[in-house]
Each structure stands twice: as C-alpha cells, then as structure tokens.
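Enquirer: Encoded as structure tokens, here's the structure I'll be asking about.
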Amino acid sequence: GKPYLSLSTRYQLTSQRLRITRGLFGRSLEEVDLVRVRETKVTQNLGERSFNLGDVLVFTSDPETPEYVLENVRDPMEVRETLRAAYLAEQKRRGLRYREES
C-alpha cells in the first residue's frame, strides 16, 4: 500500500515480510519478518476517521526495533486485518506459536 499523504514512503506486504521503503531521491529499506510480528493496533483521530485514514502500529519481538508505524494508510482497519492474517499464516506455516514472556 501507499500512504495517502506521503510520496516518499511505500509499504509492501509479501507472504514472509513487510517491507517499508522510504525516500524520494535517496532510499532506505526496512524489512520486518512476519514471524516476528506479535500484535497490531490502529490509531485514528477524528479528521483521519472522516477520510478513512489512520496509522497501523506493528509490534514485534525484535529488541532493536520493537515497534513500526505505518503512517496515514487508507482503510487502516482493513490493512490491519490483512497484516494480521499474513503474520498468523506465516507463523502457522513455520509451526510457531506465540507465548507470553513472564
């Protein structure tokens, strides 16, 4: 998907990872393995809700980058559900189960 209010950030979901590409002239690429995703949340303010925009927060088990924010995406609830289905499918494919650390 492409964030609605930004020309320089692009999000791509594959069957195994989430790619975040930033930059118009220079470019940086971050990849999140879906097996590391633990939870997702959506945040929207009133103005964003009226335009069906919002941020999708992605929480991972990576200690260096435990949280990613997909900013200003269209239909954030649908994006969250698509992402959730993808990470659950990848975890199932690899035979992994999430367990709470105490």
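Enquirer: To test your reading of the geometry: what angle, between 0 and 90 degrees and rounded to tens, separates the Cα axis of helix 76-93 from the longest principal axis of the chain?
Expert: Once rounded, one gets 20 degrees.
Enquirer: As a test of reading the structure, rank 17, 10, 84, 27 by solvent-accessible area (1.4 Å probe, protein chains only), most first.
Expert: Greatest to least solvent exposure: 27, 10, 84, 17.
Enquirer: Still on this structure: Heads up, I need the accessible area for residue 28: 1.4 angstrom probe, whole protein in place, Å², nearest 10.
Expert: About 60 Å², ignoring ligands and nucleic acids.
Enquirer: Moving on. Using a 1.4 angstrom probe and counting only protein chains, how large is the accessible area of residue 87 in Å², to 10?
Expert: 10
Enquirer: Rounded, prolate or oblate: which fits the stretch 35-98, taking a ≥ b ≥ c as square roots of the Cα gyration tensor eigenvalues, rounded meaning a/c under 1.5, else prolate when a/b beats b/c?
Expert: Details: a/c = 3.79, a/b = 1.86, b/c = 2.04.
Because a/c hits 1.5 or more and a/b fails to exceed b/c, the stretch 35-98 counts as oblate.
The values are calculated or read from the model by the stated rules, or taken from the named source; none is laboratory data. This one's a predicted model, so the numbers in the text were calculated from it and none came from an experiment. These accessible areas exclude ligands, DNA and RNA; they are computed on the full protein's heavy atoms, side chains included. Shrake-Rupley method; radii C 1.70, N 1.55, O 1.52, S 1.80 Å.
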